[in-house]
Amino acid sequence: MDDAQYISDVRKMFPKLIELDGVALPEKIKFETEEENALPPAQKFAILLDAGPKSAIENFFLQYVKFHDTGGAARGQLGPAYDETALFSAAVSWRANKDTKDKFPAVMPAELIRRNRNFKHCYKAEQRESRLFIGRENVVKELCELGETKHMLKTLNIDTSGMINNHVTAVLSGIIDAPGSYRTFSRSFILAANPANGSYLILNDQLSVIRSSPDTVEKAETQSFENIPSSSGINQAALVKQVREVTKMTDKFCIQCLEAAGWDVQKSLAIFNEMRASIPPEAFMS
(Lines give C-alpha, C1' and ligand atoms only; values in the text may rest on other atoms or scores of the structure.)
Protein backbone atom coordinates (compact mmCIF):
# COMPACT_ATOMS: atom_id res chain seq x y z
CA MET A 1 0.00 0.00 0.00
CA ASP A 2 1.45 3.37 -1.00
CA ASP A 3 1.56 6.36 1.35
CA ALA A 4 -1.25 8.23 -0.37
CA GLN A 5 -3.63 5.28 -0.09
CA TYR A 6 -2.60 4.70 3.52
CA ILE A 7 -3.32 8.33 4.43
CA SER A 8 -6.62 8.22 2.56
CA ASP A 9 -7.76 5.08 4.39
CA VAL A 10 -6.87 6.49 7.81
CA ARG A 11 -8.61 9.79 7.05
CA LYS A 12 -11.82 7.96 6.19
CA MET A 13 -11.90 6.77 9.81
CA PHE A 14 -10.56 10.02 11.31
CA PRO A 15 -11.67 12.91 9.03
CA LYS A 16 -10.26 15.63 11.29
CA LEU A 17 -6.79 14.06 11.61
CA ILE A 18 -4.04 16.64 11.09
CA GLU A 19 -0.96 14.56 12.03
CA LEU A 20 -0.10 10.93 11.32
CA ASP A 21 2.91 9.00 12.62
CA GLY A 22 4.47 12.28 13.77
CA VAL A 23 4.15 13.92 10.35
CA ALA A 24 1.80 16.85 9.64
CA LEU A 25 -0.72 15.96 6.96
CA PRO A 26 -1.43 18.26 4.00
CA GLU A 27 -4.67 20.20 4.20
CA LYS A 28 -7.55 18.06 3.10
CA ILE A 29 -9.24 19.06 -0.15
CA LYS A 30 -12.87 19.88 0.46
CA PHE A 31 -15.53 20.12 -2.21
CA GLU A 32 -18.02 22.93 -1.83
CA THR A 33 -21.77 22.31 -2.03
CA GLU A 34 -24.61 24.70 -2.63
CA GLU A 35 -25.67 24.41 1.02
CA GLU A 36 -22.33 25.64 2.32
CA ASN A 37 -21.83 29.33 2.96
CA ALA A 38 -18.20 29.36 1.87
CA LEU A 39 -17.49 31.83 -0.93
CA PRO A 40 -16.93 30.31 -4.37
CA PRO A 41 -13.35 30.44 -5.66
CA ALA A 42 -12.42 33.68 -7.42
CA GLN A 43 -11.75 33.52 -11.14
CA LYS A 44 -9.39 35.57 -13.23
CA PHE A 45 -9.68 36.18 -16.94
CA ALA A 46 -7.07 37.68 -19.26
CA ILE A 47 -9.39 38.73 -22.03
CA LEU A 48 -8.65 38.51 -25.75
CA LEU A 49 -5.62 36.30 -25.14
CA ASP A 50 -7.41 32.96 -25.32
CA ALA A 51 -8.86 31.83 -28.62
CA GLY A 52 -11.40 29.67 -26.81
CA PRO A 53 -15.00 30.60 -26.01
CA LYS A 54 -15.46 33.76 -23.98
CA SER A 55 -17.36 33.78 -20.71
CA ALA A 56 -20.48 35.93 -20.40
CA ILE A 57 -18.63 38.45 -18.26
CA GLU A 58 -15.74 38.67 -20.73
CA ASN A 59 -18.17 39.35 -23.58
CA PHE A 60 -19.92 41.96 -21.44
CA PHE A 61 -16.70 43.90 -20.87
CA LEU A 62 -15.51 43.53 -24.46
CA GLN A 63 -18.72 45.26 -25.54
CA TYR A 64 -18.34 47.83 -22.75
CA VAL A 65 -14.81 48.77 -23.87
CA LYS A 66 -15.90 48.90 -27.52
CA PHE A 67 -18.69 51.42 -26.80
CA HIS A 68 -16.52 53.38 -24.34
CA ASP A 69 -13.85 53.91 -27.00
CA THR A 70 -16.38 55.36 -29.44
CA GLY A 71 -16.11 58.53 -27.35
CA GLY A 72 -18.38 61.54 -26.89
CA ALA A 73 -22.14 61.23 -27.19
CA ALA A 74 -21.78 57.76 -28.73
CA ARG A 75 -21.01 56.50 -25.22
CA GLY A 76 -24.70 56.93 -24.58
CA GLN A 77 -24.97 53.38 -25.92
CA LEU A 78 -23.65 52.28 -22.52
CA GLY A 79 -26.85 53.49 -20.87
CA PRO A 80 -28.64 50.11 -20.87
CA ALA A 81 -25.65 48.58 -19.08
CA TYR A 82 -26.25 50.75 -15.99
CA ASP A 83 -28.94 50.29 -13.38
CA GLU A 84 -31.33 53.20 -12.79
CA THR A 85 -29.71 53.84 -9.39
CA ALA A 86 -26.09 53.23 -10.48
CA LEU A 87 -23.17 55.13 -8.94
CA PHE A 88 -19.99 56.34 -10.68
CA SER A 89 -16.88 58.06 -9.33
CA ALA A 90 -13.23 58.49 -10.25
CA ALA A 91 -10.05 58.74 -8.16
CA VAL A 92 -6.71 59.73 -9.67
CA SER A 93 -3.13 59.59 -8.39
CA TRP A 94 -0.51 61.18 -10.63
CA ARG A 95 3.11 60.83 -9.56
CA ALA A 96 5.87 61.71 -12.03
CA ASN A 97 9.49 60.59 -11.73
CA LYS A 98 12.33 61.55 -14.05
CA ASP A 99 10.66 59.77 -16.96
CA THR A 100 8.53 62.74 -18.06
CA LYS A 101 8.32 62.85 -21.86
CA ASP A 102 5.87 62.87 -24.76
CA LYS A 103 2.72 61.12 -23.55
CA PHE A 104 3.99 60.79 -19.99
CA PRO A 105 3.30 64.29 -18.62
CA ALA A 106 4.28 65.35 -15.12
CA VAL A 107 1.00 67.19 -14.54
CA MET A 108 -2.35 65.47 -14.19
CA PRO A 109 -4.60 66.14 -17.22
CA ALA A 110 -7.24 68.78 -16.55
CA GLU A 111 -10.16 66.50 -17.40
CA LEU A 112 -9.06 64.19 -14.57
CA ILE A 113 -8.42 66.97 -12.07
CA ARG A 114 -12.00 68.22 -12.15
CA ARG A 115 -13.36 64.70 -11.64
CA ASN A 116 -10.83 63.49 -9.11
CA ARG A 117 -12.41 62.23 -5.89
CA ASN A 118 -9.09 61.22 -4.32
CA PHE A 119 -9.30 62.47 -0.72
CA LYS A 120 -5.82 63.97 -1.02
CA HIS A 121 -7.08 66.37 -3.69
CA CYS A 122 -10.79 66.48 -2.87
CA TYR A 123 -11.11 66.96 0.88
CA LYS A 124 -14.18 69.21 1.06
CA ALA A 125 -17.46 67.39 1.61
CA GLU A 126 -19.32 69.42 -1.01
CA GLN A 127 -16.64 68.63 -3.60
CA ARG A 128 -16.78 64.91 -2.89
CA GLU A 129 -20.56 65.00 -3.12
CA SER A 130 -20.56 66.86 -6.46
CA ARG A 131 -18.12 64.34 -7.95
CA LEU A 132 -20.23 61.33 -7.06
CA PHE A 133 -22.64 60.67 -9.93
CA ILE A 134 -25.88 58.95 -8.97
CA GLY A 135 -28.47 57.51 -11.34
CA ARG A 136 -28.18 56.15 -14.87
CA GLU A 137 -28.83 59.50 -16.55
CA ASN A 138 -26.15 61.34 -14.56
CA VAL A 139 -23.62 58.53 -14.92
CA VAL A 140 -24.04 58.26 -18.70
CA LYS A 141 -23.88 62.04 -19.09
CA GLU A 142 -20.58 62.07 -17.21
CA LEU A 143 -19.19 59.19 -19.27
CA CYS A 144 -20.05 61.05 -22.46
CA GLU A 145 -18.12 64.10 -21.23
CA LEU A 146 -14.96 62.13 -20.48
CA GLY A 147 -12.13 62.58 -22.98
CA GLU A 148 -11.31 60.19 -25.78
CA THR A 149 -9.97 56.76 -24.83
CA LYS A 150 -8.38 53.83 -26.57
CA HIS A 151 -8.06 50.77 -24.35
CA MET A 152 -4.94 48.77 -25.15
CA LEU A 153 -6.70 45.43 -25.52
CA LYS A 154 -3.77 43.15 -24.82
CA THR A 155 -3.21 44.81 -21.44
CA LEU A 156 -6.75 44.19 -20.21
CA ASN A 157 -7.49 41.84 -17.33
CA ILE A 158 -10.72 40.96 -15.60
CA ASP A 159 -10.78 39.71 -12.00
CA THR A 160 -14.08 38.53 -10.60
CA SER A 161 -15.45 37.24 -7.34
CA GLY A 162 -17.76 34.26 -7.20
CA MET A 163 -21.44 34.82 -7.94
CA ILE A 164 -23.45 35.41 -4.74
CA ASN A 165 -27.20 35.96 -4.91
CA ASN A 166 -26.86 36.86 -8.60
CA HIS A 167 -24.33 39.59 -7.81
CA VAL A 168 -20.65 39.64 -8.70
CA THR A 169 -17.75 42.04 -8.15
CA ALA A 170 -15.50 42.55 -11.17
CA VAL A 171 -12.32 44.57 -11.67
CA LEU A 172 -11.34 45.61 -15.19
CA SER A 173 -7.74 46.84 -15.41
CA GLY A 174 -5.17 47.75 -18.05
CA ILE A 175 -3.74 50.73 -19.93
CA ILE A 176 -5.59 53.46 -21.81
CA ASP A 177 -3.99 55.36 -24.68
CA ALA A 178 -5.59 58.80 -24.32
CA PRO A 179 -4.73 62.00 -26.22
CA GLY A 180 -1.68 63.46 -24.51
CA SER A 181 -1.11 60.70 -21.96
CA TYR A 182 -1.04 57.01 -21.22
CA ARG A 183 -3.07 56.02 -18.17
CA THR A 184 -3.03 52.83 -16.13
CA PHE A 185 -6.47 52.15 -14.73
CA SER A 186 -8.39 49.82 -12.48
CA ARG A 187 -12.17 49.93 -12.69
CA SER A 188 -14.19 48.19 -9.97
CA PHE A 189 -17.75 47.18 -10.78
CA ILE A 190 -20.57 45.66 -8.76
CA LEU A 191 -22.79 43.81 -11.23
CA ALA A 192 -26.22 42.28 -10.95
CA ALA A 193 -26.61 39.23 -13.16
CA ASN A 194 -29.78 38.37 -15.02
CA PRO A 195 -29.84 34.55 -15.38
CA ALA A 196 -32.74 34.81 -17.82
CA ASN A 197 -30.68 36.38 -20.60
CA GLY A 198 -27.09 36.18 -19.37
CA SER A 199 -26.67 39.96 -19.26
CA TYR A 200 -25.45 42.22 -16.44
CA LEU A 201 -26.44 45.54 -14.93
CA ILE A 202 -23.82 47.84 -13.41
CA LEU A 203 -24.79 48.94 -9.91
CA ASN A 204 -21.53 50.65 -8.98
CA ASP A 205 -18.60 51.81 -11.15
CA GLN A 206 -15.46 53.15 -9.45
CA LEU A 207 -12.61 54.24 -11.73
CA SER A 208 -9.05 54.54 -10.38
CA VAL A 209 -6.34 56.05 -12.59
CA ILE A 210 -2.59 56.47 -12.20
CA ARG A 211 0.08 57.78 -14.54
CA SER A 212 1.59 55.02 -16.70
CA SER A 213 5.35 54.57 -16.77
CA PRO A 214 7.21 54.41 -20.12
CA ASP A 215 8.60 50.97 -19.30
CA THR A 216 5.14 49.51 -18.68
CA VAL A 217 3.73 50.89 -21.94
CA GLU A 218 6.78 49.83 -23.94
CA LYS A 219 6.47 46.23 -22.73
CA ALA A 220 2.76 46.18 -23.53
CA GLU A 221 3.31 47.51 -27.05
CA THR A 222 6.06 45.01 -27.91
CA GLN A 223 4.27 41.92 -26.64
CA SER A 224 2.46 39.76 -29.15
CA PHE A 225 -0.76 37.88 -28.54
CA GLU A 226 0.95 34.57 -29.20
CA ASN A 227 3.48 35.11 -26.43
CA ILE A 228 1.02 36.14 -23.75
CA PRO A 229 -0.47 33.28 -21.75
CA SER A 230 -4.04 33.23 -20.55
CA SER A 231 -4.61 33.79 -16.84
CA SER A 232 -3.38 30.28 -16.10
CA GLY A 233 -1.06 29.87 -19.09
CA ILE A 234 -3.10 26.85 -20.25
CA ASN A 235 -6.32 26.05 -22.03
CA GLN A 236 -8.50 25.61 -18.98
CA ALA A 237 -11.59 24.62 -20.94
CA ALA A 238 -9.74 21.66 -22.48
CA LEU A 239 -8.53 20.48 -19.07
CA VAL A 240 -12.02 20.74 -17.58
CA LYS A 241 -13.29 18.61 -20.46
CA GLN A 242 -10.63 15.94 -19.81
CA VAL A 243 -11.49 15.71 -16.12
CA ARG A 244 -15.23 15.74 -16.83
CA GLU A 245 -14.94 12.83 -19.27
CA VAL A 246 -13.12 10.69 -16.70
CA THR A 247 -14.94 11.66 -13.50
CA LYS A 248 -18.43 12.42 -14.90
CA MET A 249 -18.52 15.45 -12.57
CA THR A 250 -20.09 18.80 -13.44
CA ASP A 251 -17.86 21.60 -14.70
CA LYS A 252 -18.11 23.40 -11.36
CA PHE A 253 -16.63 20.49 -9.42
CA CYS A 254 -14.09 19.69 -12.15
CA ILE A 255 -12.81 23.25 -11.82
CA GLN A 256 -12.55 22.92 -8.03
CA CYS A 257 -10.59 19.71 -8.46
CA LEU A 258 -8.25 21.22 -11.05
CA GLU A 259 -7.68 24.37 -8.98
CA ALA A 260 -6.73 22.23 -5.98
CA ALA A 261 -4.23 20.40 -8.21
CA GLY A 262 -2.77 23.53 -9.77
CA TRP A 263 -4.49 22.68 -13.09
CA ASP A 264 -2.59 19.41 -13.40
CA VAL A 265 -4.96 16.77 -14.84
CA GLN A 266 -3.18 13.75 -13.37
CA LYS A 267 -3.01 15.31 -9.90
CA SER A 268 -6.66 16.34 -10.09
CA LEU A 269 -7.66 12.76 -10.98
CA ALA A 270 -5.61 11.50 -8.03
CA ILE A 271 -7.46 13.92 -5.75
CA PHE A 272 -10.75 12.74 -7.23
CA ASN A 273 -9.90 9.09 -6.51
CA GLU A 274 -8.81 9.92 -2.96
CA MET A 275 -11.90 11.99 -2.19
CA ARG A 276 -14.47 10.02 -4.17
CA ALA A 277 -16.26 8.64 -1.10
CA SER A 278 -16.83 12.14 0.29
CA ILE A 279 -17.83 13.92 -2.93
CA PRO A 280 -21.49 15.03 -2.73
CA PRO A 281 -23.99 13.49 -5.19
CA GLU A 282 -24.71 16.85 -6.81
CA ALA A 283 -21.10 16.96 -8.04
CA PHE A 284 -21.93 14.36 -10.67
CA MET A 285 -23.79 14.86 -13.90
CA SER A 286 -27.25 13.33 -13.95
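The values are calculated or read from the model by the stated rules, or taken from the named source; none is laboratory data. For clarity, every value in this text was computed on a predicted model and none was experimentally measured. Note that we place each Cβ from the backbone using ideal geometry, even for glycine, and neighbour counts take in every protein chain shown. Areas reflect the complete protein model, heavy atoms only, side chains present, ligands, DNA and RNA absent. Shrake-Rupley method; radii C 1.70, N 1.55, O 1.52, S 1.80 Å.
Here are the numbers for this structure:
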| item | result |
| --- | --- |
| Failed criterion for Ile228 (all others in (1) closer than 29 Å to Ala261 by Cα; (2) of a type outside the set (Gly, Ala, Ser); (3) modelled with pLDDT of 85 or more; (4) open to solvent by less than 60 Å² (accessible area, probe 1.4 Å) hold) | (3) |
| Members of the range 168-189 that are modelled with pLDDT under 90 and surrounded by fewer than 16 Cβ atoms within 10 Å (Cβ to Cβ) | Pro179, Gly180 |
| Unique match (being of a type in the set (A, V, I, L, M, F, W, C) and at pLDDT below 80) among Ala192, Ala277, Ala283 | Ala277 |
| Selection from the range 253-286 of residues that are open to solvent by less than 30 Å² (accessible area, probe 1.4 Å) and aromatic (Phe, Trp, Tyr) | Phe253, Phe272 |
| Every residue from the range 122-149 that is free of Cβ contacts under 8 Å to residues at least 40 places away in the same chain, assigned to a loop (DSSP other than H, G, I, E, B) and either on the phi > 0 side of the Ramachandran plot or exposed (fewer than 15 other Cβ atoms within 10 Å of the Cβ) (or both) | Tyr123, Lys124 |
| Residue among Tyr182, Tyr200 that alone is closer than 23 Å to Gln77 by Cβ, touching a residue at least 60 places away in the same chain (Cβ under 8 Å), of a type in the set (Ser, Thr, Tyr) and in contact with a strand residue (DSSP E or B) (Cβ under 9 Å, 6 or more places away or on another chain) | Tyr200 |
| First in the range 261-286 and aromatic (Phe, Trp, Tyr), second anywhere and in a helix (DSSP H, G or I) and open to solvent by 20 Å² or more (accessible area, probe 1.4 Å), Cβ under 8 Å, 6 or more apart | Trp263/Gln236; Trp263/Leu239; Phe272/Val246 |
| Number of positions in the range 65-80 that are in a helix (DSSP H, G or I) and open to solvent by 50 Å² or more (accessible area, probe 1.4 Å) | 5 |
| Residues of the range 71-113 satisfying the condition of being out of contact with any helix residue (DSSP H, G or I) (no Cβ under 7 Å at 6 or more places or on another chain) and among the aromatic types (Phe, Trp, Tyr) | Trp94 |
| Test: residue in the range 107-117 that is among the hydrophobic types (A, V, I, L, M, F, W, C), farther than 24 Å from Gln63 by Cβ, without any contact (Cβ under 8 Å) to a residue 60 or more places away in the chain and not in a loop (DSSP other than H, G, I, E, B) | yes |
| Arg211 in contact (Cβ under 8 Å) with a residue 24 or more places away in the chain and over 29 Å from Ala56 (Cβ atoms) | yes |
